[in-house]
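Enquirer: This is the structure I have questions about; it appears just below.
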Amino acid sequence: MPMKRRLYFCMSLAVITIASIIAMRLSCRSVQNQESQFSGVVCAATPEAAAAGAEILEASGNAVDAAVAVSFALAVTEPAMSGLGGQTQILIHAPNREPLAINGTSFSPQATPERATAEDIASHRATTIPSTVRTLAYAMKKYGSGKISWPQALAPAIRYADEGFVAGRFRARVWASHMEDLRQHPVTKDLFLKKDGSSPTEGELWQQPILAKTLHRLAEYGADDFYTGEIAREIAADMAGNGGWITLEDLQNVPPPVELPALKGSYRDWSIFTLPPPGSGWGVLQILNLLERSPVDDLLPASPQRLFRLAQAIQIGQTSRRNNPIKNLLDYHDEAADRVSKDTAKLLLEREISAVSGETTHFSVVDAEGMAVSVTASVNAYFGARVTSPNLGFLYNNYMNEFEIGKPEHPFALRPNAMPYSSMSPTILSQNGKANLVLGSPGSSRIISAVAQVVQLWVDAGIGIENAVAAKRIHVVPDDKLYIEAPNLADSMLAAFTQRGYQITEPRMDLVNGDLNPYFGGVHAIAREKGKWVGAADPRRDGAVKYARVMTK
């Protein structure tokens with residue numbers, strides 16, 4: 001190369017290099033000048049579901065959009081608890097607006113025989129008409145941001161079904177404990193167990209290609225396909241082929257969910273909003289009303305009186321729910337007002353009524369605007385009815401077991417087109433029109449006990465939501481059985497409970513994580529503390545908290 005051209009080339013290269021360095025420095029400075037802005041927080045029962053919600057929040061979705069994504073992700077990553085074959089209840093609190101409940105209850109099939117026996121309510125006949133898909137579609141259409149499409153909301157769930165998710169410790173243990181149940185139905189065995197008939201172990205990747213196809217179809221054709229399209233026809237054919245009572249007509253006639261004012265109560269200086277019937281938020285409010293009659297000092301963690309006060313309030317509340325349930329699940333307002341009144345709590349204490357395995361999932365979402373969404377979803381028992389269609393890949397619920405069988409005079413007697421009574425209690429605490437605590441729990445009747453205890457600790461003890469969720473719990477049933485999570489309770493305390501007429505009973509122990517027992521619920525909560533939102537996933541389960549952030553200049 002001639003000297004002149006070589007010199008020109010070197011000078012050009014130097015200019016380019018210097019320009020590149022300047023550009024890189026400017027780029028780095030630009031990145032350094034960027035800040036992340038809070039766009040919401042999700043607390044859910046699996047890390048995958050929490051990530052799905054955060055993904056939607058970071059894509060400019062609101063809390064309802066995120067809730068839909070979380071629900072579908074849980075249907076894939078926590079199949080024992082909820083899914084497309086179940087029901088979902090939603091509580092929404094937008095800033096400075098009255099909180100509302102979206103009653104996503106399911107209903108018994110029209111062909112349900114009123115004289116059915118307990119033996120009849122099994123397999124495909126244990127299933128109420130699934131309502132989850134319709135409920136989620138309704139919530140997103142009416143309260144979503146409009147910035148997230150239905151396929152976008154389902155995309156994370158489809159990924160987890162297609163590519164798989166890693167089974168966490170709690171989920172693996174649940175799977176293992178129900179291996180024999182899942183083996184009883186050939187299709188369920190093929191879809192939810194490995195080829196050798198064993199369950200996924202902790203850390204193992206689990207894929208669901210059949211469910212992925214169903215979700216792909218839902219994303220493409222919309223929620224109506226579940227009730228009037230190909231998916232509906234597949235459900236009806238599966239039911240007909242296996243003696244189930246759900247028909248295509250049942251699916252076509254599933255009504256849109258009903259919006260209801262949230263049931264309102266209070267604890268100390270806080271307004272509390274919770275799920276009205278057929279949910280059991282009124283049970284949470286009644287227990288808190290009973291606890292409110294105790295001095296705050298008696299309810300602090302260090303007080304020897306706290307467990308006695310809790311046991312008394314929980315037993316009264318659970319006994320009231322069993323012996324004096326709200327009978328009219330449609331026109332419930334007067335009955336509910338009576339049960340959540342402060343005067344009723346006083347009367348119940350004066351009468352000393354307390355004297356001598358169902359599962360669910362719950363998650364909470366808050367967005368950058370302060371909209372709070374509390375969602376409880378379920379297929380009722382672990383893995384629901386434990387049956388599924390070979391072409392759809394999701395488990396049917398077994399909510400038919402929640403009706404009273406052989407008692408035609410009972411308000412919750414088994415009959416056609418009826419709502420099952422539920423323990424679901426998604427709850428939100430607020431002040432001055434703004435949500436400050438969003439929570440709920442799985443665990444059948446332990447839902448009510450768990451939610452009440454976490455609310456009491458958060459309000460009275462000021463220990464923060466993470467500590468309130470992790471604190472040891474108790475549960476009492478109406479027949480005086482007392483379940484205590486603390487493994488090292490003093491002999492004197494145990495003796496004092498026995499003297500008060502309680503039967504100390506050991507809960508189910510096969511899923512214990514250290515000294516924490518999932519029997520006592522799985523609270524997933526978000527609280528505003530010191531001006532910031534803080535999430536708390538229950539350490540008893542595989543839950544996780546994800547904070548959504550977007551980059552800004």
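The values are calculated or read from the model by the stated rules, or taken from the named source; none is laboratory data. Given the structure is predicted, the values throughout are model-derived calculations rather than measurements. Because the Cβ atoms are built from the backbone with ideal geometry, glycine has one as well, and the counts that use them run over all protein chains shown.
Enquirer: Quick one: in segment 440-468, of everything that is surrounded by fewer than 24 Cβ atoms within 10 Å (Cβ to Cβ) and among the charged types (D, E, K, R), which residue is nearest to the chain's Cα centre (by Cα)?
Expert: So the residue we want is Glu466.
Enquirer: Of all residues in segment 498-526, how many are surrounded by 16 or more Cβ atoms within 10 Å (Cβ to Cβ), within 21 Å of Asp480 (Cβ to Cβ) and touching a Leu at 6+ places or on another chain (Cβ under 6 Å)?
Expert: So the answer is 1.
Enquirer: Something else now. Scan segment 504-553 residue by residue and report those that are basic (Lys, Arg) and either part of a loop (DSSP other than H, G, I, E, B) or at pLDDT 95 or above (or both). Working first, answer last.
Expert: Just the residues of segment 504-553 that are basic (Lys, Arg), to begin with: 508, 528, 530, 532, 540-541, 546, 549, 553.
Those that are basic (Lys, Arg) and either part of a loop (DSSP other than H, G, I, E, B) or at pLDDT 95 or above (or both): Arg508, Arg528, Lys530, Lys532, Arg540, Arg541, Lys546, Lys553.
Enquirer: Tally up the residues in segment 326-353 that are outside any loop (DSSP other than H, G, I, E, B), of a type in the set (A, V, I, L, M, F, W, C) and either surrounded by fewer than 17 Cβ atoms within 10 Å (Cβ to Cβ) or touching a strand residue (DSSP E or B) at 6+ places or on another chain (Cβ under 9 Å) (or both), please.
Expert: Of segment 326-353, the ones outside any loop (DSSP other than H, G, I, E, B) are 333-339, 342-351.
Checking the rest, the ones that are also of a type in the set (A, V, I, L, M, F, W, C) come to 336-337, 345, 347-349.
Retained after the next criterion (residues that are either surrounded by fewer than 17 Cβ atoms within 10 Å (Cβ to Cβ) or touching a strand residue (DSSP E or B) at 6+ places or on another chain (Cβ under 9 Å) (or both)): 336-337, 347.
The total comes to 3.
Enquirer: Against the condition among the hydrophobic types (A, V, I, L, M, F, W, C), surrounded by fewer than 23 Cβ atoms within 10 Å (Cβ to Cβ), touching a Pro at 6+ places or on another chain (Cβ under 7 Å) and part of a helix (DSSP H, G or I), how does Ala137 come out, does it pass?
Expert: Numbers: among the hydrophobic types (A, V, I, L, M, F, W, C): yes; surrounded by fewer than 23 Cβ atoms within 10 Å (Cβ to Cβ): yes; touching a Pro at 6+ places or on another chain (Cβ under 7 Å): no; part of a helix (DSSP H, G or I): yes.
Taking the combined requirement at face value, the residue does not satisfy it.
Enquirer: Quick one: would you say Glu234 is closer than 27 Å to Pro151 by Cβ, part of a helix (DSSP H, G or I) and among the charged types (D, E, K, R)? So that I can check it myself, show each step before the final result.
Expert: Working: closer than 27 Å to Pro151 by Cβ: yes; part of a helix (DSSP H, G or I): yes; among the charged types (D, E, K, R): yes.
Here the answer is yes, as Glu234 does meet what is asked.
Enquirer: Being modelled with pLDDT of 95 or more and outside any helix (DSSP H, G or I) is the filter here, so list the residues in segment 296-325 that pass it.
Expert: Listed by number, the list holds a single entry, Leu300.
Enquirer: Also: Mind telling me which of the residues Pro256, Pro261 ends up being modelled with pLDDT under 95, over 15 Å from Gly393 (Cβ atoms) and not β-branched (Val, Ile, Thr)? Break it down stepwise before answering.
Expert: On the way: Pro261 fails: modelled with pLDDT under 95.
Going through Pro256, Pro261 in turn, just one is modelled with pLDDT under 95, over 15 Å from Gly393 (Cβ atoms) and not β-branched (Val, Ile, Thr): Pro256.
Enquirer: Continuing with this model, one more query. Among what's in segment 354-379 and is modelled with pLDDT under 95 and assigned to a loop (DSSP other than H, G, I, E, B), pick the residue that is farthest from Ala54 (Cα to Cα).
Expert: This residue is Val356.
Enquirer: Could you list, in sequence order, all residues of segment 413-438 that are more than 17 Å from Gln286 (Cα to Cα) and buried (at least 19 other Cβ atoms within 10 Å of the Cβ)?
Expert: Kept after step one, since they are more than 17 Å from Gln286 (Cα to Cα), are these residues of segment 413-438: 413-421, 430-438.
Within segment 413-438, Leu414, Ala418, Met419, Pro420, Tyr421, Ser430, Ala435, Asn436, Leu437, Val438 qualify.
Enquirer: Please indicate, with yes or no, whether at least one residue in segment 93-100 is surrounded by fewer than 24 Cβ atoms within 10 Å (Cβ to Cβ), within 21 Å of Thr214 (Cα to Cα) and among the small types (Gly, Ala, Ser). So that I can check it myself, show each step before the final result.
Expert: First pass over segment 93-100, keeping only residues surrounded by fewer than 24 Cβ atoms within 10 Å (Cβ to Cβ): 94-100.
Subsequent filtering for residues that are within 21 Å of Thr214 (Cα to Cα) retains none.
There is no residue in segment 93-100 that is surrounded by fewer than 24 Cβ atoms within 10 Å (Cβ to Cβ), within 21 Å of Thr214 (Cα to Cα) and among the small types (Gly, Ala, Ser).
Enquirer: Right, next: Going by the conditions given, is Ser39 modelled with pLDDT of 95 or more, surrounded by fewer than 24 Cβ atoms within 10 Å (Cβ to Cβ) and touching a Lys or Arg at 6+ places or on another chain (Cβ under 7 Å)?
Expert: No; evaluated as a whole, the condition is false for this residue.
Enquirer: Same structure again: Under 9 Å by Cβ, and 6 or more places apart or on different chains, what pairs join a residue from segment 87-99 that is within 17 Å of Tyr138 (Cα to Cα) with one that is in a strand (DSSP E or B) and aromatic (Phe, Trp, Tyr)?
Expert: Partner pairs satisfying both residue conditions: Leu91/Phe273; His93/Phe273; Pro99/Phe273.
Enquirer: Separate question: Residues being part of a strand (DSSP E or B) and in contact with a Lys or Arg (Cβ under 7 Å, 6 or more places away or on another chain): count how many of those fall in segment 463-489. Write out each step before concluding.
Expert: Here is the first cut: in segment 463-489, the residues part of a strand (DSSP E or B) are 474-476, 481-484.
Keeping just the survivors that are in contact with a Lys or Arg (Cβ under 7 Å, 6 or more places away or on another chain) gives 475.
The number of residues fulfilling the criteria is 1.
Enquirer: Find all pairs meeting these conditions: Cβ atoms under 7 angstrom apart; at least six residues apart or on different chains; first residue within segment 257-283 and at positive phi and surrounded by fewer than 23 Cβ atoms within 10 Å (Cβ to Cβ); second residue modelled with pLDDT of 95 or more and not in a strand (DSSP E or B).
Expert: Pairs that qualify, where the first residue is at positive phi and surrounded by fewer than 23 Cβ atoms within 10 Å (Cβ to Cβ) and the partner is modelled with pLDDT of 95 or more and not in a strand (DSSP E or B), are Arg268/Glu292; Arg268/Val459.
Enquirer: Checking the structure you have, find out if any residue of segment 51-59 is modelled with pLDDT of 80 or more and in a loop (DSSP other than H, G, I, E, B). First the steps, then the outcome.
Expert: Quick first cut of segment 51-59, residues modelled with pLDDT of 80 or more only: 51-59.
Retained after the next criterion (residues that are in a loop (DSSP other than H, G, I, E, B)): 59.
Scanning segment 51-59 turns up at least one residue that is modelled with pLDDT of 80 or more and in a loop (DSSP other than H, G, I, E, B).
Enquirer: Let me ask something additional. Would you pick out the residues in segment 166-210 that are among the charged types (D, E, K, R) and assigned to a loop (DSSP other than H, G, I, E, B)?
Expert: First, the residues of segment 166-210 that are among the charged types (D, E, K, R): 169, 171, 173, 180-181, 183, 189-190, 194-196, 202, 204.
Correct list: Lys194, Lys195, Asp196, Glu202, Glu204.
Enquirer: Working only within segment 51-69, note down all residues that are buried (at least 24 other Cβ atoms within 10 Å of the Cβ) and under 18 Å from Gly370 (Cα atoms).
Expert: Let us first name the residues in segment 51-69 that are buried (at least 24 other Cβ atoms within 10 Å of the Cβ), namely 52-54, 56-57, 61-69.
Those that are buried (at least 24 other Cβ atoms within 10 Å of the Cβ) and under 18 Å from Gly370 (Cα atoms): Gly53, Ala54, Ile56, Leu57, Gly61, Asn62, Ala63, Val64, Asp65, Ala66, Ala67, Val68.
Enquirer: Is it the case that segment 74-82 has a residue that's surrounded by fewer than 24 Cβ atoms within 10 Å (Cβ to Cβ) and out of contact with any strand residue (DSSP E or B) (no Cβ under 9 Å at 6 or more places or on another chain)? Talk me through it step by step, then tell me what you get.
Expert: Step one: of segment 74-82, the residues surrounded by fewer than 24 Cβ atoms within 10 Å (Cβ to Cβ) are 80.
Now restrict to residues that are out of contact with any strand residue (DSSP E or B) (no Cβ under 9 Å at 6 or more places or on another chain): none.
There is no residue in segment 74-82 that is surrounded by fewer than 24 Cβ atoms within 10 Å (Cβ to Cβ) and out of contact with any strand residue (DSSP E or B) (no Cβ under 9 Å at 6 or more places or on another chain).
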